[in-house]
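One structure below.
Each reported figure results from applying straightforward, stated rules to the coordinates on display, with no laboratory input. Because the structure is a prediction, the values reported are computed rather than measured. Cβ coordinates were reconstructed from backbone atoms using ideal geometry, including for glycine residues, and neighbour counts include every protein chain displayed.
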Amino acid sequence: IEAKGRVAQYVHGGAKIGVLVDVAGGDEALAKDLAMHIAASRPVALSRDQVPQELIRKERDIAAAKAAESGKPAE
């Protein structure tokens, strides 16, 4: 993989979780902060296409239920 910007890495928990990011713009601190946030969010996939359809359906059902409970009209 060839970097296009600033590369930063973050390893958490003794190499249990590791993140490598390529950031266009910003500085080293921003790149490391982004890597830390990615690690904290525990992503399930590297790209949108890799997210399991069942997980997408589950999250949409949760969002629809919250919207229905809001008391606002469906429109």
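Odds and ends about this structure:
- Converting phi to 3J(HN,Hα) with the Karplus coefficients 6.51, -1.76 and 1.60 and the offset θ = phi - 60°, segment 46-57 yields 8, 9, 4, 5, 8, 6, x, 4, 4, 5, 4, 4 Hz in sequence order, with x at every glycine or proline.
- Gyration tensor (alpha-carbon) shape descriptor, the chain, a/c threshold 1.5: prolate
- Shape of segment 1-42, Cα gyration tensor, a/c cut at 1.5: prolate
- For segment 5-51, trypsin sites (Lys or Arg not before Pro) are listed when DSSP marks them as loop and at most 15 other Cβ atoms sit within 10 Å of their Cβ; the list is 16.
- Ranking 34, 71, 55 by Cα position along the charge dipole of segment 17-71, where only Lys, Arg, Asp and Glu carry charges on their C-beta atoms, puts 71 farthest toward the positive end.
- For segment 2-8, Karplus couplings with θ = phi - 60° (6.51, -1.76, 1.60), whole Hz, Gly/Pro x: 9, 6, 10, x, 8, 9, 9
- With contributions of -39500 (n - 2.57) from each DSSP H run of at least four residues, the per-residue ellipticity at 222 nm computed over the chain stands at -13500 deg cm²/dmol.
- Sequence-distant residues sharing a close amide H with residue 6 (under 5 Å, placed H): 23, 24, 25
- Between 0 and 90°, nearest 10: helix 28-41 axis offset from the chain longest Cα axis: 40 degrees
- Derived scalar couplings between HN and Hα for segment 58-75 equal 4, 5, 5, 4, 5, 5, 5, 5, 5, 5, 5, 6, 5, x, 7, x, 4, 5 Hz in order, rounded to whole Hz, by the Karplus curve 6.51 cos²θ - 1.76 cosθ + 1.60 (θ = phi - 60°), x for Gly and Pro.
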